[in-house]
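Since every read-out is calculated from the coordinates, none of them should be taken as a lab result. A quick note: this is a predicted structure, and the numbers were derived from the prediction, not measured. No Cβ is skipped: glycine too gets one built from the backbone with ideal geometry, and neighbour counts run over all protein chains shown.
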Amino acid sequence: MTIDALFEGRDSAIARDLKLNLKRALTESALAGPEAPLALLALGASLDAKPLKTLATELLAGHDVSPEQTREAAESAALMGMLNMYYRFRHMVGSGQGQAHVDEHYRQAGLRMTALGKPQLGKERFEMLAFAVSVLGGCEMCINAHEQELVQLGVGRDKLHDLARLASVARGVDVLLRL
């Protein structure tokens with residue numbers, strides 16, 4: 001599948017904008033090598049958008065990414081979906097009743113997340129996917145935590161911005177393709 005095939009039969013101004021934005025996010029960004037297709041795969045999995053997952057998988061074929069890494073990229077959406085939901089809950093409870101309330105009643109998440117320790121994709125790539133999926137999931141705490149980690153790993157803010165744009169475009173493309 002190509003980007004053109006993804007938008008076949010869709011020629012509205014909105015479809016043209018989304019197509020151009022997707023092309024730019026995948027080919028004209030600070031994301032290098034397989035970074036954009038890996039992020040698109042995680043985002044597509046998070047959205048349950050088969051066309052985006054198919055496009056990402058086909059784009060990854062041109063890169064040195066193992067089947068295990070590809071699977072981990074797709075599955076990262078599940079782990080981050082869980083964490084985004086939980087930490088949005090903590091944020092909402094804290095905003096209504098204060099951080100002391102959260103600390104007293106909800107100290108530890110109690111959620112297993114050992115995959116974050118030694119990801120097959122490597123720490124930096126996994127964090128990039130976690131950041132992109134967190135942007136899509138709208139979890140402020142997760143976005144901030146992953147942004148901080150990526151900056152500490154030396155990832156430039158241009159890449160972070162491009163991951164946020166890709167997440168936004170993926171959401172828009174998914175909505176369009178469901179119409």
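Can you name the residue in region 62-86 that is more than 16 Å from the chain's Cα centre (by Cα) and over 15 Å from Met128 (Cβ atoms) and, of all such residues, is surrounded by the most Cβ atoms within 10 Å (Cβ to Cβ)? Checked region 62-86; the qualifying residue surrounded by the most Cβ atoms within 10 Å (Cβ to Cβ) is Tyr86. On the stretch given as region 71-116, residues that are closer than 30 Å to Pro34 by Cα and without any contact (Cβ under 8 Å) to a residue 60 or more places away in the chain total 23. Out of Leu43, Leu47, Leu55, one residue alone is more than 23 Å from Glu140 (Cα to Cα), in contact (Cβ under 8 Å) with a residue 40 or more places away in the chain and among the hydrophobic types (A, V, I, L, M, F, W, C). It is Leu55. Among the residues of region 97-109, not a single one is surrounded by fewer than 20 Cβ atoms within 10 Å (Cβ to Cβ), of a type outside the set (A, V, I, L, M, F, W, C) and closer than 24 Å to Met1 by Cα.
Does Leu166 satisfy being surrounded by 20 or more Cβ atoms within 10 Å (Cβ to Cβ) and either out of contact with any Phe, Trp or Tyr (no Cβ under 8 Å at 6 or more places or on another chain) or in contact (Cβ under 8 Å) with a residue 24 or more places away in the chain (or both)? Yes; evaluated as a whole, the condition is true for this residue.
Residues in region 35-57 include at least one that is among the basic types (Lys, Arg) and touching a Gly at 6+ places or on another chain (Cβ under 6 Å).
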